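The numbers here are math on the coordinates, done by the rules we state, and not lab data. No experiment lies behind these values; they were computed from the predicted model shown. Please note: Cβ atoms are built from the backbone with ideal geometry, for glycine as well, and neighbour counts cover all protein chains shown.
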Amino acid sequence: MASYKHPCKYCGKLIARDSNFCPFCTQENPLGPMRCPICRYPLEDGAKICGHCGILLWSMCKSCGKETFLGDKCSNCGVPIVIVCPNPRCRTEQPPTGKKCIKCGKPLR
Ligand SMILES: [Zn+2]
Ligand SMILES: [Zn+2]
Ligand SMILES: [Zn+2]
Ligand SMILES: [Zn+2]
């Protein structure tokens, strides 16, 4: 059986064509149309924010300095991505995949 490999839409690494998840960046359906990880809205190629929920889709990895698609970890170096709650009395670190702070409930953007 031929095993052609295709680049993941999110991290660019070569993966099997029938992959349901990218083994490198863990995004779902890595060869289909890109979708917002928050609301699953389909995205244009090269979209910077989701056209439905408006969330910022790319963030800068503090570890390797490269842009990574919104997710729990960097698609380049695999380091977990955390953002800090903008509430000065909270400042809880958390994954960037929620709309509200997991602790104080304040919107994250
Ligand atoms: Zn990937
Ligand atoms: Zn969205
Ligand atoms: Zn990184
Ligand atoms: Zn908070």
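Listing for the model above:
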read-out	value
Neighbourhood charge, 11 Å Cβ-Cβ cut-off, centred on HIS52 and excluding it, Lys, Arg +1 and Asp, Glu -1	+2
Cα-based shape type of segment 38-92, given that a ≥ b ≥ c are square roots of the gyration tensor eigenvalues and the cut on a/c is 1.5	oblate
TYR10, TYR41 arranged by Cβ crowding within 10 Å, fewest neighbours leading	TYR41, TYR10
30 Å Cα-Cα reach of LYS106 towards lysines, excluding residues that sit fewer than 8 places from it in its own chain	LYS48, LYS62, LYS66, LYS73
